[in-house]
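The values are calculated or read from the model by the stated rules, or taken from the named source; none is laboratory data. Not measured: the values here are computed from a predicted model. No Cβ is skipped: glycine too gets one built from the backbone with ideal geometry, and neighbour counts run over all protein chains shown. Side chains are part of the model used for accessible areas, which takes the heavy atoms of the whole protein and leaves out ligands, DNA and RNA. Shrake-Rupley method; radii C 1.70, N 1.55, O 1.52, S 1.80 Å.
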Amino acid sequence: MDCIFCNIVSGEIPSTKVYEDDLVVAFNDLEPQAPTHILVIPKEHIASAAEITAENSLLIAKVFEAIAKIAEQENLEKGFRVVNNCGEQGGQTVGHIHFHLLQ
Ligand code: 5GP
Ligand code: ZN
């Protein structure tokens, strides 16, 4: 499968990683829309929020555990936004689930 974010996970496409563990990776958005604009993704390919199931939802929980850690690491203690775009009409342009972390 030709997926930009799977290729970022594997290192085939370079990125500026700000966080990584066994299940989750986070990297700076290529075209930041805010001073802090980080994309947080599960390493395993899930196409979108519409594809979250009982079988894979633990990975989404792990994404949010990572977001809390990244927020502390990036000094976002005053607050931040987490945004997910789902599907064509939801503004999703990359077909690997991702959460925008913005401040
Ligand atoms: P979406 O519109 O799907 O919610 O968000 C996709 C995001 O991925 C956009 O903010 C876009 O700038 C970012 N993006 C697309 N291609 C790349 C890439 O190759 N590297 C990085 N770091 N970000 C990318
Ligand atoms: Zn993927």
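Isolated cysteines of the chain, defined as having no other cysteine beta carbon under 4.7 Å away, are Cys86. Axis angle, to the nearest 10 degrees, between helix 57-73 and the longest C-alpha principal axis of the chain: 20 degrees. Using a probe of 1.4 Å on the protein chains alone, the accessible area found for Ser10 is around 80 Å². The convex hull drawn around the Cα atoms of the stretch 8-103, when projected onto a plane and averaged over every direction, covers 6.1 nm².
Compute, for the chain, the length of the dipole vector about the Cα centre, with Cβ point charges of +1 (Lys, Arg) and -1 (Asp, Glu) only. Units Debye, rounded to 20. Charge dipole of the chain: 260 debye, to the nearest 20. When we measure straight from the Cα of Lys43, which lysines land under 18 angstrom away, once same-chain ones fewer than 8 places off are left out? Candidates past the 8-residue exclusion: Lys17, Lys62, Lys69. Heavy-atom accessible surface of the chain, averaged per residue, reaches 59 Å², computed with a 1.4 Å probe.
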